[in-house]
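Worksheet: one structure, shown below.
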Amino acid sequence: MIEKGLNQQDILNILEEKLKSDHCYESGQILGSMCTDPLAFGKKVYLKYMHKNLGDPGLFPSTAKLEDELISEIGELYHGKNIIGTFTTGGSEANIIAMRIAKKLRPDIKKPEIIVPASAHASFDKGEDFLGLKIQKANLKDNFELDLEHYESLINKNTCGVVGIAGTTSLGLIDPIEKIGKLVEGKNIFFHVDAAFGGFMLPFLKELGYDIPKWDFAVKSVSSITSDPHKMGLGIIPTGGFLIRDPSVLHKTGFEIPYLAGGGFKHFHIVGTRPGGTVISFWAIMRLLGMEGYKKIVKECMESTEYLEKRIAEIDGVKLAVKPKMNIVGLTTENGESICEIDDKLREKKWMLGKFLDYNLIRIVIMPHVTQNHLSRFCNDLEEIIMKHDR
Ligand code: 0PR
């Protein structure tokens, strides 16, 4: 701890220097991230309201009401009525909340299990660890789609929950939510859909005419959904979302902190103090963009994705792992060689991609900060790297 405070400009200069190795979205070189620069208006609203604490809704009842309204509005976008839920620190917290509810709703099961696709996000492994339950991983087929037969074979008397993913982390694929729904219908098994990424892509893709299968509350056995504003919603970090169909679950499984909010207030969260400013900011962002604004952004991302697909097809040595369903592109080698060396060389040139070793692929997420110009430069560098590698 320094003895005497510094002046503001000196502090800012030191910070600038200390943070200089961080990558920035404007460079267009952050290609593997599911986050992006939040909208300027969203930042402005956040700055105004960042002192609000949703952990104490008794102090901020209007913010709490705004949160409920916004959850219900997003629930309607997902074909639900009177949906309740909460904003979270992100998709991980939302998924862990869902896993806890699945466990809590089945106290009759002594060794609870939750079935997830092998493509599930790491947050489910964390949930397994925190909650002392077991996750069963269903295999993927060679084309990276879920092996539904294997999935079904994992359902047993200890299954308290099942999970489907609408926008997988590695490739943006959509699990067969309706078919999973059929498997658990009438079985008192909690069905959670992880649309952390897809939640702010799929409704707009559908409106744009893309062929999107049912993935949300339109599937009647879907119990809850994760959907993150801080990914394609363009919200401020941290804003994740958890939505649940049956409001009585809050009363059955919620935590109560008697000294807060005058008592009687129940909540799902893992955290206590939590930001209200990000939620208010997201309320403003949804109003600023509307369906039209999101559709325009998603359309541009998809056009860039299609451009990248075309360019990759022209480069010998690499290929798409699968045809993209949304703005996530997986690249792998044509001859089955490890993709690691190519990824290392790309990183030397500051192209920052996600690497999935188990599938030997590198991931590009075409977020709004990535333009066709950036992708063109990226493909030129990729081509050069491969040519040198082959020599
Ligand atoms: N579910 C899915 C399907 C996800 O893809 C992710 C995160 C989560 C849940 C968890 O969300 P939170 O990270 O909000 O808890 N997917 C990204 C990933 O692992 C997260 C991310 C975002 C990583 C930006 C890097 C980055 O720069 O790739």
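Results for (1) open to solvent by 40 Å² or more (accessible area, probe 1.4 Å); (2) in the same structural domain as PHE87 (by TED's automatic domain parsing), shown as yes or no for each residue.
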| position | (1), (2) |
| --- | --- |
| ILE11 | yes, no |
| SER33 | no, no |
| LYS52 | yes, yes |
| GLY55 | no, yes |
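On the given criteria, is LEU357 in contact (Cβ under 8 Å) with a residue 40 or more places away in the chain and either open to solvent by less than 20 Å² (accessible area, probe 1.4 Å) or assigned by TED's automatic domain parsing to the domain that holds MET34 (or both)? It is false that LEU357 is in contact (Cβ under 8 Å) with a residue 40 or more places away in the chain and either open to solvent by less than 20 Å² (accessible area, probe 1.4 Å) or assigned by TED's automatic domain parsing to the domain that holds MET34 (or both).
Considering the stretch 167-282, the qualifying strands (runs of 3 or more DSSP E), each wholly inside and each with 1 or more residues that are hydroxyl-bearing (Ser, Thr, Tyr), run over 224-226. Specify the residue that is nearest to the ligand (Cβ to nearest atom); the eligible residues are those in the stretch 73-91 that are open to solvent by 10 Å² or more (accessible area, probe 1.4 Å) and within 16 Å of MET291 (Cα to Cα). For the stretch 73-91, the residue satisfying everything is LEU77. The set of residues in the stretch 233-278 that are without any contact (Cβ under 8 Å) to a residue 60 or more places away in the chain and touching an Asp or Glu at 6+ places or on another chain (Cβ under 6 Å) contains only LYS266.
Exactly one residue among PHE124, PHE130 is surrounded by fewer than 21 Cβ atoms within 10 Å (Cβ to Cβ), modelled with pLDDT of 95 or more and on the phi < 0 side of the Ramachandran plot, and that residue is PHE130.
Looking only at the stretch 335-346, residues that are free of Cβ contacts under 8 Å to residues at least 24 places away in the same chain and either surrounded by 15 or more Cβ atoms within 10 Å (Cβ to Cβ) or not assigned by TED's automatic domain parsing to the domain that holds GLU300 (or both) come to 2 in all. Scanning the stretch 225-248 for residues that are open to solvent by 10 Å² or more (accessible area, probe 1.4 Å) and away from the ligand (no atom under 11 Å from the Cβ) turns up ILE236, ARG245, ASP246, PRO247, SER248.
The values are calculated or read from the model by the stated rules, or taken from the named source; none is laboratory data. Computed from a predicted structure; not experimentally measured. Methodologically, a virtual Cβ is constructed for each residue, glycine included, from the backbone with ideal geometry; neighbour enumeration extends over all protein chains shown. Quick note on the areas: whole protein, heavy atoms, side chains included, nothing else; ligands and nucleic acids left out. Shrake-Rupley method; radii C 1.70, N 1.55, O 1.52, S 1.80 Å.
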